[in-house]
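One structure is given here, and the rest of the page talks about it.
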Ligand SMILES: Cc1cc2nc3c(=O)[nH]c(=O)nc-3n(C[C@H](O)[C@H](O)[C@H](O)COP(=O)(O)OP(=O)(O)OC[C@H]3O[C@@H](n4cnc5c(N)ncnc54)[C@H](O)[C@@H]3O)c2cc1C
């Protein structure tokens, strides 16, 4: 049986980051994934993710986002790669808007978090916002929060970069290898896969939407796996493309008025026919990675355009050029779980998704490596927020 200091189960956003951080600390580490990441079956695909330091989900997240920005900048330099573009963020909300991640005060919490984290922001009037960014059609009773410490990250490129760096730093990687089970044994953990049996001092479980299946023994948390759809709509012409270029169009989170769901989206990263990417967030249905509908119907595409795109944007056509299904793994109140398994002290479980985890994944990988190696966690990260047990208010 081969022995490692640490095994990482699942090499998506969180696991590839943890593997990279562990390898950079010179320990014997093995990463295992059932597929060949990045892939399109979990939570980390679809070209782009919003990143922001001031988070409407809570003030405790800023420290993780800042760490991630630092880590991705270092990776960009080490590999001469482009991972992150900070082109600005607009959070738009008014009295008739849907709420996001259960927080009716998302815009106000974002502003409070910006003040605490020293983020440079402004409140813009709808008229100001539309004069600067003509892609948007905002109602006069809506408010706009705008900051410059935000933008988008390329999730597939980040996973690739983290795995390349991990390999360069002597991590071992098993791809297309499925973990069947793990158990606590004397001195650590025994991990069985469809290819062999390994032993490690510590196991980090970063299995994303497969977590509910792999956490076979009962853990005190309800993980809800939810199907979400990302859409790309073609633009009208080159003039429209100009409005959506990153320098003219920030990333945005918009509690659009009189609708069930909020929307969020990105500038155009390609040409006129590659379109602009926009999405909603649904909370009504639950799925598993095995039974989820992976195709997006014509009805879904039409309804998205009519309900959430046509009324709110200029320069976009109804032609949906691409759609991707992706999975959220949600915890109540959109919290993250980063904690030791209650019954297996050598197993660390990470479910930091809840629909907003990617921007923190660089920093979370660092925290996971520190936890596994018994290093002190920096004071600005309040781990009590991320335990299985809900923090007291
Ligand atoms: C539509 C959508 C939009 C999002 N938008 C944003 C955004 O704008 N900003 C943001 O910050 N976050 C966003 N998120 C959240 C973010 O993308 C996720 O939090 C993050 O990608 C989760 O990564 P993960 O590593 O937990 O899961 P994954 O990347 O899915 O990785 C889990 C890995 O574990 C492997 N695995 C599972 N079981 C086994 C097994 N038994 N054996 C071996 N391997 C196994 C899987 O193959 C997979 O590779 C979004 C998520 C979705 C779905």
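One line per residue, one yes/no per condition, for (1) surrounded by fewer than 22 Cβ atoms within 10 Å (Cβ to Cβ); (2) farther than 26 Å from residue 246 by Cβ; (3) modelled with pLDDT of 95 or more; (4) touching a helix residue (DSSP H, G or I) at 6+ places or on another chain (Cβ under 8 Å):
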{"position": "156", "(1), (2), (3), (4)": "yes, no, yes, no"}
{"position": "159", "(1), (2), (3), (4)": "no, no, yes, yes"}
{"position": "191", "(1), (2), (3), (4)": "no, yes, yes, no"}
{"position": "205", "(1), (2), (3), (4)": "no, yes, yes, yes"}
{"position": "213", "(1), (2), (3), (4)": "yes, yes, no, no"}
{"position": "220", "(1), (2), (3), (4)": "yes, yes, no, no"}
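In region 6-32, how many residues are assigned to a loop (DSSP other than H, G, I, E, B) and over 18 Å from the mean Cα position of the chain (by Cα)?
5
Restricting attention to region 29-50, does a residue exist that is more than 12 Å from the ligand (Cβ to nearest atom), farther than 28 Å from residue 268 by Cα and in contact with a strand residue (DSSP E or B) (Cβ under 8 Å, 6 or more places away or on another chain)?
yes
Condition check: under 23 Å from residue 27 (Cβ atoms), within 14 Å of the ligand (Cβ to nearest atom) and outside the structural domain of residue 265 (by TED's automatic domain parsing). Does residue 191 satisfy that?
Answer is yes for this residue.
If you scan region 307-320, which residues turn out to be part of a strand (DSSP E or B) and within 23 Å of the chain's Cα centre (by Cα)?
Matches in region 307-320: none.
Just to be sure I understand, how many residues within region 167-209 are within 13 Å of residue 33 (Cβ to Cβ) and without any contact (Cβ under 8 Å) to a residue 40 or more places away in the chain?
Final tally of qualifying residues: 2.
Among the residues in region 166-174, are any closer than 24 Å to residue 349 by Cα and within 11 Å of the ligand (Cβ to nearest atom)?
So far as region 166-174 goes, yes, one or more of its residues are closer than 24 Å to residue 349 by Cα and within 11 Å of the ligand (Cβ to nearest atom).
Residues are listed down the side, and each one gets a yes or a no for (1) touching a strand residue (DSSP E or B) at 6+ places or on another chain (Cβ under 6 Å); (2) in the same structural domain as residue 241 (by TED's automatic domain parsing):
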| residue | (1), (2) |
| --- | --- |
| 96 | yes, yes |
| 105 | no, yes |
| 108 | no, yes |
| 116 | no, yes |
| 165 | no, no |
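Taking residue 306, is it in the same structural domain as residue 287 (by TED's automatic domain parsing), closer than 28 Å to residue 134 by Cβ and within 13 Å of the ligand (Cβ to nearest atom)?
no
Would you pick out the residues in region 327-355 that are touching a helix residue (DSSP H, G or I) at 6+ places or on another chain (Cβ under 9 Å) and assigned to a strand (DSSP E or B)?
Residues satisfying the conditions are 327, 328, 329, 337, 338, 339, 340, 348, 349, 350, 351.
The values are calculated or read from the model by the stated rules, or taken from the named source; none is laboratory data. This structure is a prediction, so every number in the text was calculated from the model and none was measured. Note: ideal-geometry Cβ built from the backbone for every residue, glycine included; neighbour counts use all protein chains shown.
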